[in-house]
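Written below as structure tokens is the structure these notes are about.
The values are calculated or read from the model by the stated rules, or taken from the named source; none is laboratory data. The structure displayed is predicted, hence computed values, not measured ones. So basically every Cβ, Gly included, is an ideal-geometry build from the backbone, and we count neighbours across all protein chains shown. Note: accessible area is taken over every heavy atom of the protein model, side chains too, but ligands, DNA and RNA are not part of it. Shrake-Rupley method; radii C 1.70, N 1.55, O 1.52, S 1.80 Å.
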Amino acid sequence: MAIRRILTVDNAADTAVLKQISAPVAEVDDGVRALMDDMLETMYAAPGIGLAAVQVGDVRRVIVMDLGDRVLEGEDVAPEPVEGEAEDHSRRNPRYFVNPEIVWASDEIYAYEEGCLSVPEYFDEVERPGKVRLRYLDYDGKAVEEEVEGLFAVCIQHEMDHLEGVLFIDHLSRLKRERAVAKVKKLARMAA
């Protein structure tokens, strides 16, 4: 496994890739599984809870997520890493989505303050359907259909937007979008 560079909106070339529509995966083979393994390692290192392949420069319809065990137990909060504390691998619950599609969405709206590894250090509230039914291929290429809600529904919709060349800031007003990009550019300059 390898940690890949995450594309960010402060770089015009990165933004051009992030705006591309991802291509379907013909078959879940060892190459796709290696990509998912790298993506998961990259996401954990960032740290984040979801990552689309396009965010690491691979324009295929692949997503990885890990909301930890709290969400599975009914809590709607992903576990936060504690600085200086040893990583707790028992809390991991990696999920893999190849060629995901939403086959149904509820009318109920759920508002959540989102962030994105491609728009670092910027967060804002986005409204999305509170429940969705997904169809996708898993890590082994098996077809899966499931209904998800809450943080899981928000995260999968956020990542699926990436597959269509849409960032979460594209759901915001033009002014907020411009502020987000300006903030990311300023942070990049300060880090350089």
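Table for the structure above
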item: Some residue of the range 153-175 being over 23 Å from Ala16 (Cβ atoms) and in contact with a helix residue (DSSP H, G or I) (Cβ under 7 Å, 6 or more places away or on another chain); result: no
item: All positions within the range 113-133 that are of a type in the set (A, V, I, L, M) and either over 15 Å from the mean Cα position of the chain (by Cα) or open to solvent by 50 Å² or more (accessible area, probe 1.4 Å) (or both); result: Val132
item: Among residues of the range 161-180, those that are open to solvent by 40 Å² or more (accessible area, probe 1.4 Å) and hydrophobic (A, V, I, L, M, F, W, C), counted; result: 2
item: Single residue of Glu101, Glu159, Glu147 found to be acidic (Asp, Glu), under 16 Å from Gly48 (Cα atoms) and in contact with a strand residue (DSSP E or B) (Cβ under 9 Å, 6 or more places away or on another chain); result: Glu159
item: For Thr8: the one exception among (1) assigned to a helix (DSSP H, G or I); (2) open to solvent by less than 60 Å² (accessible area, probe 1.4 Å); (3) over 23 Å from Glu101 (Cα atoms); result: (1)
item: Positions within the range 82-108 being at pLDDT below 95 and hydrophobic (A, V, I, L, M, F, W, C), in sequence order; result: Val82, Ala86
